[in-house]
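Remarks on the structure that follows.
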Amino acid sequence: MDLADRDRRLTHAEGLVRELADRGVVAVATSFVDNSGISRVKSVPLDRLPALAAWGVGFSTAFDYFRFDDWVAAPPGGRAPIGDQRILPDLDRLVVLAAQPGWAWAPGDRYAQTGDPYPIDSRLLLTRLTDGLADRGIRVLSAIEIEWVVSYEGDEYLPAVAGPAYGLTRLANASDYGRDVLTALAEQGVAVEQFHPEYAAGQLELSVSPESPVHAADTSVLVRHTIRAVGARHGLRTSFSPKVDAAGVGNGGHVHLSLGRDERNLMASGSGPFGLTDEATAFAGGILEHLPALLAIGAPSVASYLRLVPQHWAGAYACWGLENREAALRMVTGSHGSEEWAANLEVKCFDLHANPYLMFAGLLATGTAGLDGGATLPDPVDVDPASLDDEALAARGIRRLPDNMREALDAFVADGVLASAFGEPLAGAIRAVRESELELFDGASPEEVAAASRWAH
Ligand code: GLU
Ligand code: MG
């Protein structure tokens, strides 16, 4: 980022101010997602937008060490209070917030005061990894499904929408709220594909159209913020926690990915199983091989492992299979005739405590390593792995994914591909935050973990 870049940003922002004022905007917020998956924000009055765009606003460097409950798992050596980083909004992604009148929001990228990319910024990391694949002629399309629950106010979870799983009754009970969520998202230009009541009491789900990974991560942040804002206007609390209450069903954050080259979907136009091309196979093989380590990014909290259990459609086994909802990687082809636009790979084992930029960065880094190493996939699995005994699991090469964060973190620490893609400043901050959460919950019961994690994200 040099002075000419800053000038361009200033001019761009000056050109937006009049229209934003006409649309009633008085303040602009910009946020980044930290290593615990929490969005941290700064905002300015509208007339400061050009200055924000050109020079950013400061955050302490300690923010990369924030735990989900705001405890600072400080960087070593007494450096916690020292240093500054600047967040600059991505003006091309600026949105007037429909459920927060008077406000606009844009995702931010973080730079050091020198103007260099901040080494712990996950959005810039994901941009670099996506560009790396584009240089090889590969385009990634992706989306994150959002599952959440609505609760009456209070610290307990009190399901606010009654009715059976996937029940039409529940839709009637959520009618005005659901309309307001969909209206707000449409006004913000979010392309919603589906909305429905999920399994558990008070649980809902929404899916959106695929985009480039950075944009899909931005959309995931915006959709969650919008859902929360609409809920607040209805006097409801929102939780995206992987396990809202220890005895109930979890919220997933399933990720859909497809690869394209020229106009072809590489997950539909090959001669491999279900139409996979060699490149798509290698990419998926890379992800499958690194899944235990990726969990430290995609299922990043102690609460994540309360959700990630067999026979809950959470994908607790490291395997893949066609439309297999118990496989961590579910191959989706779509109906016959739709494969070219519908075929994709769903990563089921991740949840919404993940920083979506970091999560995609991990998937692209390990997928790219799969491409480089010519990774392959084992045979697809067409049964529930929980129905197989240990011998049958071993014979098919199916592993249970880590069932606790310690194991996932150990796999992450040992993973050379992620270490080199992320770099030590980022990997070290992730380790510090995860270790701190493990310490916080040492000896805690599932009920205590679920209660403490319920409302933070
Ligand atoms: N709620 C389940 C999960 O935790 C997913 C249900 C579904 O397949 O949509 O991932
Ligand atoms: Mg679902």
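The values are calculated or read from the model by the stated rules, or taken from the named source; none is laboratory data. Bear in mind that the values here come from a model prediction, so they are computed numbers and not experimental data. Cβ coordinates were reconstructed from backbone atoms using ideal geometry, including for glycine residues, and neighbour counts include every protein chain displayed. The protein model used for the area step is the full one, side chains on, heavy atoms only, and it has no ligands, DNA or RNA in it. Shrake-Rupley method; radii C 1.70, N 1.55, O 1.52, S 1.80 Å.
For region 248-278, the set of residues classified as more than 16 Å from ligand 2 (Cβ to nearest atom) and either farther than 22 Å from Ala216 by Cα or of a type in the set (Phe, Trp, Tyr) (or both) consists of Ser269, Gly270, Ser271, Gly272, Pro273, Phe274, Gly275, Leu276, Thr277, Asp278, listed by residue number. Considering only region 166-183, I want to know if a residue exists there that is part of a loop (DSSP other than H, G, I, E, B), more than 25 Å from Gln100 (Cβ to Cβ) and within 16 Å of ligand 1 (Cβ to nearest atom). Yes, because at least one residue in region 166-183 is part of a loop (DSSP other than H, G, I, E, B), more than 25 Å from Gln100 (Cβ to Cβ) and within 16 Å of ligand 1 (Cβ to nearest atom). Looking only at region 160-180, decide whether some residue is within 19 Å of Leu352 (Cα to Cα) and open to solvent by less than 60 Å² (accessible area, probe 1.4 Å). No, every residue in region 160-180 fails to be within 19 Å of Leu352 (Cα to Cα) and open to solvent by less than 60 Å² (accessible area, probe 1.4 Å). Taking each residue of region 122-147 that is at positive phi and looking for partners that are more than 16 Å from ligand 2 (Cβ to nearest atom) with beta-carbon atoms closer than 7 Å, six or more apart or interchain, yields Gly137/Arg261.
There is no residue in region 20-36 that is of a type in the set (A, V, I, L, M), over 19 Å from Arg93 (Cα atoms) and open to solvent by less than 20 Å² (accessible area, probe 1.4 Å).
Taking the criterion of being part of a loop (DSSP other than H, G, I, E, B) and in contact with a strand residue (DSSP E or B) (Cβ under 6 Å, 6 or more places away or on another chain), the residues of region 378-401 that qualify are Pro380, Val381, Asp382, Ile398, Leu401.
Here Pro210 clears all of (1) without any contact (Cβ under 8 Å) to a residue 60 or more places away in the chain; (2) within 19 Å of the chain's Cα centre (by Cα) except the condition numbered (1). Summed over region 306-333, the residues that are without any contact (Cβ under 8 Å) to a residue 40 or more places away in the chain and more than 10 Å from ligand 1 (Cβ to nearest atom) give a count of 1. Where strands (runs of 3 or more DSSP E) sit wholly within region 48-114, those with at least 1 residues that are within 24 Å of Ala216 (Cβ to Cβ) and either open to solvent by 50 Å² or more (accessible area, probe 1.4 Å) or of a type in the set (Lys, Arg) (or both) occupy 103-112. Take the residues in region 246-263 that are open to solvent by 20 Å² or more (accessible area, probe 1.4 Å) and touching a helix residue (DSSP H, G or I) at 6+ places or on another chain (Cβ under 8 Å), then tell me which one is farthest from Ser212 (Cα to Cα). Of everything passing the filter in region 246-263, Ala246 is farthest from Ser212 (Cα to Cα). For the condition within 16 Å of ligand 1 (Cβ to nearest atom), among the small types (Gly, Ala, Ser) and more than 24 Å from Arg128 (Cα to Cα), what is the one hit in Ser239, Ser271, Ser220? When all the criteria are applied, what remains is Ser239.
In region 289-305, the qualifying residues are those that are outside any loop (DSSP other than H, G, I, E, B) and open to solvent by 10 Å² or more (accessible area, probe 1.4 Å), and the one that is nearest to ligand 1 (Cβ to nearest atom) is Tyr305. Would you say Pro402 is open to solvent by 10 Å² or more (accessible area, probe 1.4 Å) and modelled with pLDDT of 95 or more? So Pro402 fails the test. A single member of Val140, Val150 is more than 16 Å from ligand 2 (Cβ to nearest atom) and assigned to a strand (DSSP E or B), and it is Val140.
Scanning region 321-354 for residues that are of a type in the set (Phe, Trp, Tyr) and touching a helix residue (DSSP H, G or I) at 6+ places or on another chain (Cβ under 6 Å) yields a single hit, Phe350. Would you confirm, using the coordinates I've provided, whether Val332 is among the β-branched types (Val, Ile, Thr) and either within 20 Å of the chain's Cα centre (by Cα) or under 22 Å from Val214 (Cα atoms) (or both)? Against the criterion (among the β-branched types (Val, Ile, Thr) and either within 20 Å of the chain's Cα centre (by Cα) or under 22 Å from Val214 (Cα atoms) (or both)), Val332 qualifies. Would you call Glu193 open to solvent by 70 Å² or more (accessible area, probe 1.4 Å) and at pLDDT below 95? No.
Would you mind stating whether Ala186 is more than 16 Å from ligand 1 (Cβ to nearest atom), outside any loop (DSSP other than H, G, I, E, B) and either modelled with pLDDT of 95 or more or among the basic types (Lys, Arg) (or both)? Taking the combined requirement at face value, the residue satisfies it. When restricted to residues that are in contact (Cβ under 8 Å) with a residue 60 or more places away in the chain and assigned to a loop (DSSP other than H, G, I, E, B), region 251-265 contains 5. All of (1) part of a loop (DSSP other than H, G, I, E, B); (2) buried (at least 23 other Cβ atoms within 10 Å of the Cβ) hold for Ala217 with one exception: (1). Filtering region 339-361 to residues that are open to solvent by 10 Å² or more (accessible area, probe 1.4 Å) and in a strand (DSSP E or B) leaves only Asn344.
Might you check whether a residue that is without any contact (Cβ under 8 Å) to a residue 12 or more places away in the chain and touching a helix residue (DSSP H, G or I) at 6+ places or on another chain (Cβ under 7 Å) occurs anywhere in region 400-410? No, there is no match, as no residue in region 400-410 is without any contact (Cβ under 8 Å) to a residue 12 or more places away in the chain and touching a helix residue (DSSP H, G or I) at 6+ places or on another chain (Cβ under 7 Å).
If I filter region 236-245 for residues that are under 25 Å from Trp103 (Cβ atoms), open to solvent by 20 Å² or more (accessible area, probe 1.4 Å) and of a type outside the set (S, T, N, Q), do I get at least one hit? Yes: one or more hits.
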